[in-house]
Amino acid sequence: MKFTLPWLKEHLETTATVEEIAAKLTALGLEVEEVSDPGRALAGFTVARVIEAEPHPHADRLKLCTVETKDGIRRIVCGAPNARAGLWGILATEGLVIPATGEVLKRAVIRGVESQGMLCSARELGLGDDHSGIVELDPEGLEVGMPAVRALGLEGPVFTLKLTPDRADCYGVAGIARDLAAAGLGRLRARDFRPVPSVGAPGPAIRLDFPEGQEKACPLFVGRIVRGVRNGPSPAWLRHRLEAIGVRPISALVDITNYVTFDLGRPLHVFDAAKLRGDLVIRFARPGERLLALDGREYELDPSMTVIADDTGAVSLGGIMGGESTGVTETTRDVLLEVALFDPLRTAATGRRLGIESDARTRFERGLDPELVLPATEYATRLIVELCGGEPGPAVVAGAVPPRRPPLLFRTAQLQRLAGITLPPDEIRAILEALGFGVEGGPETWRLDIPSWRQDVTSEACIVEELARLHGFDRIPPVPVERGVAVAQPSLTAEQRRRTAVRRAVAAQGLAEAVTWSFVPPAHADLFGGAPVRMENPLSSELSVLRPSLLPGLLAVAARNLARKREEGAVFELGPRFVGGRPGEQVWAVAGLRWGRAAPRHWAERERPVDALDAKADALAALAVAGVRVEAVSTAGDPPAWYHPGRAGRLVLGPGTLATFGELHPNVLRALDVEAPVVAFELDLDGLPKPKPRTGKNRPPLEALPYPPVDRDFAFLVPQDLPAQKLLEAVRGAEKRLVREVRLFDVYTGKGLPEGTKSLAVAVRLQSPERTLSEAEIEAVARKIVAAAEKTCGAKLRG
C-alpha cells in the first residue's frame, strides 16, 4: 500500500513530521517498509526550452538542439525522436547524478560535437519506464530554470506500507488516517459524502440473480449513470498523485476509479453505457462462458464465478476486473458507475483460478466496509461531475446493505490474561471510541458495537490486540513465560516420532538427507508408474506434475553430482509422495540411493561398487526403527518396473510389501541423465504397521541378558534353487526363546557337492536371559535346528 504525505494530510490534520508518522504507523502494526522522496533525486534538474533542433552534422539519428536554460543558451546533442523547437523539457547539467543509472553526468563530445547537458526521458528521471522520447511539459505556468520537482508536480514523500491481510480497512488512505488519529497524531477529516442531486431518468435496471442460499455472492450492487461526460486526460494533480504511487494514468474516468480505490479502499468500475445491451444481471457465470478482460486476455469462466452480464453475456468479472467490450474510451459520453459488494472467499478463489491479480481483488478478498457502498457512490459521482462534467441520474440499487454484526461482549480481565497489562476503564473507553467502536457498560464487562469497516474484529482477543497496539506494544513490560501455564507440554504423535527415528537411522547408514521439489516433469513421473497428477497452476512446465515417487528428485541430485565428478555418493529423502490430487491421497515415504564405490579406497579393504544388498541394508535399518520385526521380514522378487530385473527385490511381511530395493533400470537412469549404476530403496511409512502409542512417559524396561551367549555354525546342503531366506527363517523358528541371531556367512557351489545342490553356512547365536546354557541344552537346540531345516527346506547337515 502506497500513499503520499500530501494525500494523507487531506484525511488527517496533523503537524507531525515524516519520521514521526513512519514511527507511529509501525508502532500501530502498519509496518512502514520504505519512505521515499522522488523529488530528492531531482535536486538541480531544471526546466529548459528548446529554441531550435537541427540535424547532427555527423549522425542521421541525432539532433543538435539549441536550448534556453537558466544559465543561458546551451548546445545539447539529443537522440530523442520528439526533440523539436518549442518543446519544454527537463535539463540535467554537468555534475548531476542521473537517477535511473546513478552515474554522474559528464561533459561529452558526441560524434565530434560537444554536448553541454542532457534533455531527460521519464525513465532517466526515475519516473517510469517510458524512454521513447524526452519528457514534454505543458508550458502553461512554466519558467525557464524552474525546479523540475515543481514543474513535474511530484508528490512526496511516498510511504510504502507492508500490511497484514486482516487490515483491509488500511488498504485506503482514509483507513490509515483513521488509525493515526486514534493514536493521537492528528484530527480526522471526512470526505464529502453529501448526496449529488440527480437529473433525468435512471440508468439500466439491475437485477441480482443467484440460487437460494447463495445471495452473499453479491448482496449489494449500485449503478449510477452520468450522461454527457468528457473523458479526456486527468488534471495534473490526479495524474501526479497516481504516478507517485506507481499507478499509470489512463483517462479521467479510469483514474477516478483508481483514485477512489486507494483513497477510500473502495474499488469501483465504470462502464461505457452506450456499449451495454439491455439490463444488467449479476449472476454466476455459465459453463464455457468467456470474457475478454481489460488486461487483453480472454478467460474461460465457470459457475463458481460471479459476473456482471447484459443481454450479450458476461461484461465484467465481479470484484476482479472489467471487460474490454464495455470499457470507457475518449469517445465515451455516458458512463455507468458501479459500486458493489462481492463475497471475499468467492473473489479470492476466482482470482486464484484465473491467475488474475488486481487492486480490486486485493481489497474485495480481504473484506470491505459494507456501509461505504452508498457514500462512495456519491463521492465518486461528485468527482466524475467535477472532472468530466455531465449530469448524474438517480442511483439504481439492487440488494441491501448487510445487517451489522451483533454486539461483542468484552471482559476487562482478558486484557491482563492475554496481553499482561491493565488499563484504566477511562483509557479503554477512549481507545475503543477513537477506533470507531460503540462502547457501553464497563468497567468489568463492555458491550461493543464493531465498526462496519473492521471486518477482522471477531472476538475478545481482537479487542485485546486493539487496546494493546493503541496503548503501545513497546509499553508492555517483558515478563518470563511460565512454562506450566502458557506453553503446552511437548506433544508428538507416534507417527511423527517414527518419522524422526527413521530419518536418524537412515542418516546413520551414511546417507545425506536431501530436500527436493514435490513437483517433477511429466516424463519423469511416467517412469515411476501411476497416472500423473497435474497441477492447475504449476511453477513451470518442467515442474507440472506431483511426484509419484521420491526417486526422481534424488536421481536429479545424483545426476548433478556425477556431472561435477562426484563419483560416489549416498542421499535420502523423507517426505510425501502423491497417489492422487485430493486430500488424503499423499503418502509419507522414505527413499534413498547410492552410486559409485561402496566405501572410500583403503589399503585394508578391497574396492567394490555398491550393489542391491547395500540398498537392502538401508531399507532394513529404516524398517527396524519403524517398529517392524526385521527377523520376520523375507525377500521376494517381482520389483517395480523401474528396477533392474534380476538385481532387485521386495521386502515382504506376510502378503504385504514393506519396501523395494535394488539396482535401478538402465533405461530410467538414461532418461534422467544419470551416467552410473545406482542402487536404491523406497518404502511407504504410512503403509507400515501403525506404531503403538505410548501408555505412559516411561520407556519399556530393557531386557537384560547378563549371561554369556553361545555361537554355533551349521553347514547345510540344500537344493540349488532354495532361497537362503527360507533356511534362515526355519533356523530362527526352531527355538524362538533361545535363538537370538541367525546370519548367513558362506555360500558354496561346485566341486564336491551333489549336482543340483549348494552349501549354505549359517551362524547361530544362543542366549538365555535366565542362566548360562549347559552343553546338553545347547545340543538339544542344535538338534531342533537341524530337524527344522530338514523338515522345512529338505536340508542335510554336512559332515
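The values are calculated or read from the model by the stated rules, or taken from the named source; none is laboratory data. Everything numeric here is computed off the predicted structure, so don't read it as measured data. Backbone-built Cβ (ideal geometry, glycine too); neighbour counts: all protein chains shown. The area values use the complete protein model at the heavy-atom level, side chains included, leaving out ligands, DNA and RNA. Shrake-Rupley method; radii C 1.70, N 1.55, O 1.52, S 1.80 Å.
Numbers below:
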| item | result |
| --- | --- |
| Potential extension, Glu779-Leu797 segment - 0.36 nm per residue separation minus Cα distance | 5.1 nm |
| Square roots of five times the Cα gyration tensor eigenvalues for the range 1-71, Å | 45, 15, 10 |
| Cα-based Rg / Dmax (Å) for the range 580-620 | 16.7, 54 |
| Paramagnetic reach from Glu631 (point 7 Å along Cα→Cβ, amide N under 13 Å) across the range 734-765 | 734-743, 764-765 |
| Rg(Cα)/(2.2 N^0.38 Å) for the chain, N = residue count | 1.40 |
| All Cα pairs of the range 692-799, percent lying beyond 23 Å | 38 |
| Length released on extending from Ala617 to Glu790, taking residue separation times 0.36 nm less the Cα-Cα span | 59.4 nm |
| Percentage relative contact order, the range 746-799, counting C-alpha pairs under 8 Å, at least six apart | 19 |
| Point-charge dipole on Cβ atoms (K/R +1, D/E -1) for the chain, about Cα centre, debye to 20 | 2880 |
| Descending Cα extents along the principal axes, the range 209-310, whole Å | 47, 30, 26 |
| Exposure of Thr93 as accessible area (Å², to 10), given a probe of 1.4 Å and all protein chains | 30 |
| Computed magnitude of the charge dipole of the range 661-799 (debye, nearest 20; Cβ of K, R +1, Cβ of D, E -1) | 640 |
| Interchain or long-range residues, amide H under 5 Å from Ile51's placed H | Thr66, Val67, Glu68, Gly86 |
| Share of alpha-carbon pairs per 5 Å distance bin for the range 638-744, given as whole % | 2, 8, 12, 12, 14, 16, 14, 10, 7, 4, 1, 0 |
| Built amide H within the under 5 Å cut-off of Ser121, gap 5+ | Val135 |
| Radius of gyration and Dmax over the Cα atoms of the range 526-592, both given in Å | 13.5, 41 |
| Under 5 Å, built H, 5+ apart or other chain: amide partners of Val579 | Gln586, Val587 |
| Dipole of the chain, positive direction: furthest Cα of His56, Val222, Ile421, with charges on the beta-carbon | Ile421 |
| Mean Cα-pair separation over length for the range 507-635, i.e. relative contact order, pairs under 8 Å, 6 or more apart, % | 20 |
| FRET efficiency estimate (nearest 0.05) - Cβ-Cβ, Ala508 to Arg564, R0 25 angstrom | 0.45 |
| Helix 18-27 axis, angle to the chain major axis (alpha carbon atoms, nearest 10°) | 40 |
| Summed side-chain charge close to Val77 - residues other than Val77 whose Cβ falls under 10 Å, Lys, Arg +1, Asp, Glu -1 | +2 |
| Distance in nm between pseudo-label sites at Ala201 and Ala715 (7 Å out along the Cβ direction from Cα) | 11.2 |
| Given charges at beta-carbon only (K, R positive; D, E negative), |dipole| of the range 164-312 in Debye | 720 |
| Cross-link partners of Lys63 among lysines (Cα-Cα below 30 Å; sequence separation of 8 or more within a chain) | Lys106 |
| Translational diffusion of the range 97-141, µm² s⁻¹ [Kirkwood Rh, Cα pairs; Stokes-Einstein; 10 °C; 1.306 mPa s] | 132 |
| Taking N as its residue count, the alpha carbon Rg of the range 94-186 over 2.2 N^0.38 Å | 1.63 |
| Principal semi-axes in Å for the range 538-649 [√(5λ), Cα gyration tensor, largest first] | 27, 22, 13 |
| FRET efficiency, Val113 to Glu357 (Cβ-Cβ, R0 51 Å, nearest 0.05) | 0.60 |
| Cα radius of gyration and Dmax for the range 333-435 (Å) | 20.3, 61 |
| Signed unit charges on C-beta, dipole axis of the chain, positive-most listed residue Ala523, Ala236, Ile450 | Ala523 |
| Average Cα contact separation per residue, the chain, under 8 Å, 6 or more apart, as relative contact order % | 8 |
| Above-threshold pairs, the threshold being 32 Å between Cα atoms, out of Lys690/Lys726; Lys616/Lys690; Lys2/Lys275; Lys565/Lys616 | Lys2/Lys275 |
| Relative frequency of Cα-Cα separations exceeding 18 Å in the range 253-365, percent | 45 |
| At 1.567 mPa s and 4 °C, Stokes D of the range 1-139 from Kirkwood alpha-carbon radius, µm² per second | 75 |
| Cα convex hull of the range 495-534 - mean projected area over all directions, nm² | 4.3 |
